[in-house]
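First the structure, in the form of C-alpha cells, and then the observations on it.
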Amino acid sequence: MKKRPLLGLFVVSISASALQAQADETQEGFIEGGTAKLLARNMYFNRNSLSDYPDARGWGQGLLMDYQSGFTQGEIGFGLDASAYTAYKLDGGRGTVGTGMFPAEGDGERTESSTLNASVKIKWSNTVLKYGDLRPYNPVFATPDLRLMPMTTRGIQLLSDEIDKVSIDIGHFYSSRGYTSTSHDGGFMAGYAGVDAGDVDYAGLTYQPVEQGGVGVYVSRAQDLWRQFYINANYSWALEQEQSLSLDFNLYRSLDEGQARAGAINVTAWSLATAYANGPHTYTLSYQKIQGDQPFDYLMASDGTYMDSIYLANSSQYGDFNGPGEQSVGLGYAYDFGSTGGLHTTLGFRYVYGFDIDNERVDPDGLYAYFAHSDKQIERDIDLKTVVETGALKNLSVRVRYAEHDFTGDSVKQLRIITEFPLDLF
C-alpha cells in the first residue's frame, strides 16, 4: 500500500581453455574492475488522511554509498560488494510518525540511523553467485528503494546469462532490513494479512528473442504463506513518424502453502496494458482483474516496508487495486519536454478506477479487513521530474510525486519531493 519450487536447470558445456580465454579478455581484476558511487538523496514526505488513517510528515537527508569490486583473474573469479547508508532527520513534521524514513524510538523517531551491508560473489563464465546482503529485483521478490535508504535482504542469489537471450535468476532469502531498520534481524510477512511468511525461495527466467519483446516466467514459495507462479509477455511495434505501440501482460497465480498463516488462498491476478507513443506524447490504457475470494497479497519486510513484488499494471503510487474480485481500469498520459536550457523534464498523469470489490466475502475482523467495507477505490497520480544535463550539477534530479486515493470511508493525499545527486567516486 504493495511451494514446491520448480527449478529449471540449464547445463552448458564450455571447455576450460575457452573459459580461461574469456576471463583473460573480459575480467579487469578485483581492484581495477571496482566502482564506488555516492548518492545524496533528500526527501520531503507528507501524507494527509481525511478519515482515521494517521497523518505522517517528515523531511530527511540520505547518503548512500555503494562499492562493487571487480573479479579476481582466472577461470573462477571472486569479488566483494559493500554499502553504507545513513539517514538524517531534518524535520519531524510536528511530531507525526509513519513516513517510512526513520526508525521508531519510543513514541517518536530517531534523528539519525545508519547501516552497513556486505556480500561476497563468485563468477564462472557468465554466471554469478552472491551471498550476503543483497537487493534482488524481480516480479516475485523485489526490494524497493522509495525512501531515504533502500531495503536489503540477506540470502543467496544466482544470476546466469549462459544461454543466448536467456537470463536466469534463482534465490533463497531468510532475513530483511526494511526502510526503518538498521540490521538484518527481521523476516518477511504478508503485506496485507500482516502474518509471518518464513523463508522465501524463487526461480525464474526471462527470454528475449528480439529487441522488441520477450517473455518471463517465475515461481516462488513463501514458506508458511503461499506458492506463487508468474508469467509475463511484452512486445513493442515501431510505427511510422516516431510512433510506437506496446503491449504488456502480467499474470500471478497464488495458492496457500505450509502453515498457511494467511488462511486459504486461491487467487489469480492479471493485467493487460497498452501504450501508444507519438513523439513526446505517451498514452496508456490498462485493465486489471483479481479473481478469487481473497485479495492478491504480496510480501513486505517485518518492519512494514512493502516490497515491489506486484508487477500489475494498476498498482499505483498509493493503492494496488488488489481487492477480492476487483476490476480496475487505468488511464495515463506522459509528456517528455526534452532538453531545454540544460534541463530534461518529464510530466505524467494517471487515473485508476477500481470497482466490484467482493467485500461480502471478507471477514470484517479478519486478516484482510482493509477491504471488508469497500466496494470501489479511485486514485489520481501526478509525477514530475527534472534532470540537470550539463555543468557542475550534471545528473542532479528533482522529482515531485503526488497521489490522491479515495477508498470507501477513507481518503488520502500523499506528496513526495525527492532530490538526488549521484557522484561516481571511482
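Out of W226, F349, N266, whose Cα points farthest toward the positive end of the dipole of the chain (charges: +1 Lys, Arg; -1 Asp, Glu; placed on Cβ)?
F349
As I understand it, the dipole of the chain uses +1 on the Cβ of Lys and Arg and -1 on the Cβ of Asp and Glu, about the Cα centre. Which of Y402, S315, T96 lies farthest toward its positive end?
Positive-most Cα among the choices belongs to T96.
Helix-derived [θ] at 222 nm for the chain: sum -39500 (n - 2.57) over DSSP H runs of at least 4, divide by residue count, nearest 500? The partial results should precede the final answer.
On the way: 1 runs with 11 residues, N = 426.
One gets -1000 deg cm²/dmol as the mean residue ellipticity at 222 nm.
So for each of 54-67, 382-395 I average, over its residues, the number of other beta carbons within 10 Å; can you give me the resulting order with the highest mean first?
Values: 54-67: 18.1, 382-395: 13.6.
Top of the packing list down: 54-67, 382-395.
Each label point is 7 Å from the Cα along the Cα-to-Cβ direction; what then is the distance between the points at Y174 and W237, in nm?
Roughly 5.1 nm, to one decimal.
Can you bin region 279-328 into rounded, prolate or oblate? Criterion: square roots of the alpha carbon gyration tensor eigenvalues sorted a ≥ b ≥ c, rounded for a/c under 1.5, prolate for a/b above b/c, oblate for the rest.
Values: a/c = 3.33, a/b = 1.36, b/c = 2.45.
Verdict is oblate for region 279-328.
If we sort 268-274, 313-319 on the protection proxy, mean other Cβ atoms within 10 Å, highest first, what's the order? Don't skip to the answer; put the middle values down first.
Details: 268-274: 19.0, 313-319: 22.6.
In decreasing order of mean packing, 268-274, 313-319 become 313-319, 268-274.
How far is it, in nm, from the label point at Y283 to the one at A372 when both lie 7 Å from their Cα along the line to the Cβ?
Once both label points are built, they end up 4.3 nm from each other.
Project the alpha carbons of the chain onto their principal axes and report the range along each, largest first, in whole Å.
Principal extents (Cα only, largest first): 67, 58, 51 Å.
So if we plug the beta-carbon distance of E105 and F355 into 1/(1 + (r/R0)^6) with R0 = 56 Å, what FRET efficiency do we get, rounded to 0.05? Numbers along the way, then the final one.
On the way: r = 42 Å, r/R0 = 0.74.
It comes to 0.85.
With a 1.4 Å probe and all protein chains left in place, how much accessible area per residue does the chain have, in Å²?
Numbers: 19870 Å² over 426 residues.
That works out to 47 Å² per residue.
To the nearest 20 debye, what charge dipole does the chain have about its Cα centre, counting +1 at the Cβ of each Lys and Arg and -1 at the Cβ of each Asp and Glu?
Values: 33 positive and 53 negative charges, 81 e Å.
That gives a dipole near 400 debye.
Tell me the carbon and sulfur percent of the accessible area for region 186-306, rounded to whole percent, probe radius 1.4 Å. Walk me through the numbers before you get to the answer.
Values: 2780 of 5190 Å².
Accessible surface attributable to carbon and sulfur in region 186-306 totals 53 percent.
Going by a ≥ b ≥ c, the root eigenvalues of the Cα gyration tensor, does region 272-378 fall in the rounded group (a/c under 1.5), the prolate group (a/b larger than b/c) or the oblate group?
Prolate shape, in that a/c is at least 1.5 and a/b is the bigger ratio.
Quote the FRET efficiency, to the nearest 0.05, computed for S244 versus T182 with a Förster distance R0 of 35 Å and r equal to the Cβ-Cβ distance.
Details: r = 45 Å, r/R0 = 1.27.
Working from the Cβ atoms, E equals 0.20.
The values are calculated or read from the model by the stated rules, or taken from the named source; none is laboratory data. Because the structure is a prediction, the values reported are computed rather than measured. Positions of Cβ are backbone-derived with ideal geometry, glycine not excepted, and every protein chain shown enters the neighbour counts. Areas reflect the complete protein model, heavy atoms only, side chains present, ligands, DNA and RNA absent. Shrake-Rupley method; radii C 1.70, N 1.55, O 1.52, S 1.80 Å.
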